[in-house]
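For reference, the structure discussed in these notes is given below.
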Amino acid sequence: MKDPAHRWQWHALDAAVGAVTADCTECGLCVKHCAFLQRHGTPRAMAAHADSGHENGLIVAYECSLCGLCHAVCPFGVNPAQFFLEQRREAVLRGVGPLAAHRPLLAYERKGTSRRYSLYALPEGCTTVFFPGCTFAGTRAEAVLAMHDLLRRSLPRVGIVLDCCTKPSHDLGRQAYFLAMFGEMKDFLVNQGVRTVLVACPNCYKVFQSYGSPLQVRTIYERLTEEALPRQDLLRGTVTLHDPCVLRHEPAVQDAVRSLVHHVGLQVMEMPNSRERTLCCGEGGGVGVVAPELARQWSVERARQAEKDPVVTSCAGCAAQLRRFMPTVHVVDLLLDGQRALAGKARVSRSPFTYWKRLRLKATLKRRFSSARLRERTFQPKP
Ligand code: SF4
Ligand code: SF4
């Protein structure tokens, strides 16, 4: 049953249904690219069945990766991904979402925002912070310190924030929780005089870009193209690039990553689906725990398109997912020690050691920032 207290959400879902119904001609272009739509029908057909009362219909939306490829290929500008996100939000308001299978993902997020794992270190006069994000910090704690060292050369007062942007909650439809958690973080940073956030994770980028105003967000990859990078012997060979789907509309970031790959001496072979038409790696939208076969199809298609070249990406989550199907390295691994990275020996931690690495990283940063303003996050929204 619809709860009258959530009238605003009905409007959002109704508007999304209306937009799909009005503009989708069922041309099938997006369906051709997406196994989820092949399983459930065209966006218009799904919108026609999206009406009230059917909670099972809402739960189906948890099989969509929210990758946005459908929107990118649609000649009529329809945005089915927004419709599926609104369905997830409606599922949460009706108490049927997120699903039991999402608990580990939410536990991961909760740890990231906890007092134990979070750290805000803001030196006097700090207006820019480095925000590595949970997965990059856990898998590459040494790289976080190395990137912070690099940034400090030109930004001596750069601070650092270890926290979670809460995109898992956002993507699972927990919009009220997400807005409260992200809003508290943003307000704190703004009140402390921070103006710019440099992120390593494309998902954090998307969150800050969409909800972080007046904070400005940039990726460290764009910033690194302006820095004097560590010297290493030039590498030889060709790699291919996986553009994270959340960055499909960000040509400046895509160019920066390509420029960093060229900087270490490598050639880039573009995949058939790149840049604006890039594919999900298989990790998007938490689909892996609900419909693993759909998530796997994205990864397998990526491996097919990569042919035999190693894949380079700027997302630690994509790198972890894709490396199960093909040799995959993070662009930061390439910059720090390209030979090791291409040989599959980059310093990358795996779960459960990632948690221990994050605690060690936090301890190191507390020493590094001993004279800075420090905070650990204790905020929890009211139920
Ligand atoms: S967002 Fe991605 S997974 Fe979802 S319907 Fe569109 S193309 Fe398919
Ligand atoms: S590409 Fe656009 S018009 Fe064609 S089926 Fe998909 S949403 Fe509908």
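The values are calculated or read from the model by the stated rules, or taken from the named source; none is laboratory data. Owing to the predicted nature of the structure, the values given are computational and were not obtained by experimental measurement. We place every Cβ from the backbone using ideal geometry, glycine too, and count neighbours over all the protein chains shown. Surface accessibility is based on the protein's heavy atoms, side chains included, excluding ligands, DNA and RNA. Shrake-Rupley method; radii C 1.70, N 1.55, O 1.52, S 1.80 Å.
Observations on the model:
- Any chance G282 is at pLDDT 95 or above and over 30 Å from D149 (Cα atoms): yes
- Applying the condition of being touching a helix residue (DSSP H, G or I) at 6+ places or on another chain (Cβ under 7 Å), away from ligand 2 (no atom under 16 Å from the Cβ) and closer than 30 Å to Q38 by Cα to segment 258-278 and asking which residue is most open to solvent (accessible area, probe 1.4 Å) yields P272.
- Filtering segment 24-76 to residues that are at positive phi, within 14 Å of ligand 2 (Cβ to nearest atom) and either of a type in the set (V, I, T) or under 22 Å from the mean Cα position of the chain (by Cα) (or both) leaves only G68.
- Boolean, A19 is surrounded by fewer than 22 Cβ atoms within 10 Å (Cβ to Cβ), in contact (Cβ under 8 Å) with a residue 40 or more places away in the chain and in contact with a helix residue (DSSP H, G or I) (Cβ under 7 Å, 6 or more places away or on another chain): no
- Test: V332 is among the β-branched types (V, I, T) and within 16 Å of ligand 1 (Cβ to nearest atom): no
- With respect to the conditions (1) within 15 Å of ligand 1 (Cβ to nearest atom); (2) touching a helix residue (DSSP H, G or I) at 6+ places or on another chain (Cβ under 6 Å), G112 lacks only one, and its number is (1).
- In segment 286-321, of all residues being in a helix (DSSP H, G or I) and β-branched (V, I, T), the one that is farthest from ligand 2 (Cβ to nearest atom) corresponds to V289.
- Filtered residue count, segment 334-383, keeping only those that are among the small types (G, A, S), assigned to a helix (DSSP H, G or I) and out of contact with any strand residue (DSSP E or B) (no Cβ under 8 Å at 6 or more places or on another chain): 2
One line per residue, one yes/no per condition, for (1) touching a Phe, Trp or Tyr at 6+ places or on another chain (Cβ under 9 Å); (2) among the hydrophobic types (A, V, I, L, M, F, W, C); (3) farther than 30 Å from R110 by Cβ:
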| position | (1), (2), (3) |
| --- | --- |
| N273 | no, no, yes |
| G285 | yes, no, no |
| G288 | no, no, no |
| R324 | no, no, no |
| V331 | yes, yes, no |
| D337 | no, no, yes |
| R347 | no, no, no |
| R350 | no, no, no |
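- Where strands (runs of 3 or more DSSP E) fall entirely within segment 186-257, those with at least 3 residues that are surrounded by 18 or more Cβ atoms within 10 Å (Cβ to Cβ) and touching a Leu at 6+ places or on another chain (Cβ under 9 Å) are at 216-219.
- Taking residues in segment 188-213 that are closer than 21 Å to R375 by Cβ and not assigned by TED's automatic domain parsing to the domain that holds L162, and partners anywhere that are part of a helix (DSSP H, G or I) and open to solvent by 20 Å² or more (accessible area, probe 1.4 Å), not one pair has Cβ atoms closer than 6 Å while being at least 6 places apart or on different chains.
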